[in-house]
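A.B. asks: Just dropping this structure here.
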Amino acid sequence: MLKQSGYAVFPALKLEEARSRCMRGGYDLIIVNAGEQLQDAMQFCDNLRASCPEQPLLMCTGGDAEAAQREYAAPVAADGLLQRVDALLKRSSSGDYANAA
């Protein structure tokens with residue numbers, strides 16, 4: 001869906017691969033699909049937020065109440081993902097990223 005909308009997508013299937021890529025930087029937005037590894041995904045995002053607070057980040061939670069308490073988390077369905085991505089990228093390019101999720 002994102003590729004068809006003109007975005008370059010660099011998937012990481014494992015959190016370790018995602019960690020390695022994030023440390024290299026250069027991404028406009030990082031999207032984490034929490035899926036079945038919700039606790040690991042939350043820890044990954046918490047660590048990323050602590051080390052790179054200005055990095056635009058979106059964690060798709062599937063509606064989990066604990067995860068939704070984080071400012072970068074959202075229960076995003078596929079049909080709302082593009083709108084969320086567009087909004088986050090606009091905020092980050094204008095320098096207004098704080099609590100942008």
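A.B. asks: Do any GluC sites (Glu not before Pro) in segment 9-48 lie in a DSSP loop with no more than 13 other beta carbon atoms within 10 Å, and if so, which?
C.D. replies: Answer by residue number: GLU36.
A.B. asks: What is the sum of charges, Lys and Arg at +1 and Asp and Glu at -1, for the other residues whose Cβ falls under 14 Å from the Cβ of GLY25? List each step's numbers first, then the result.
C.D. replies: Values: positive: ARG19, ARG21, ARG24; negative: ASP28, GLU54.
It works out to a net charge of +1.
A.B. asks: So what's the net charge close to ALA12: Lys and Arg +1, Asp and Glu -1, counting the other residues with Cβ under 10 Å from its Cβ?
C.D. replies: Here the charged neighbours net out to +1.
Only the coordinates and a few stated rules stand behind these numbers; no lab work does. It should be emphasised that the depicted structure is a prediction, and the values quoted were computed from it without experimental measurement. All Cβ positions, even for glycine, are placed from backbone atoms using ideal geometry, and neighbour counts span all protein chains on display.
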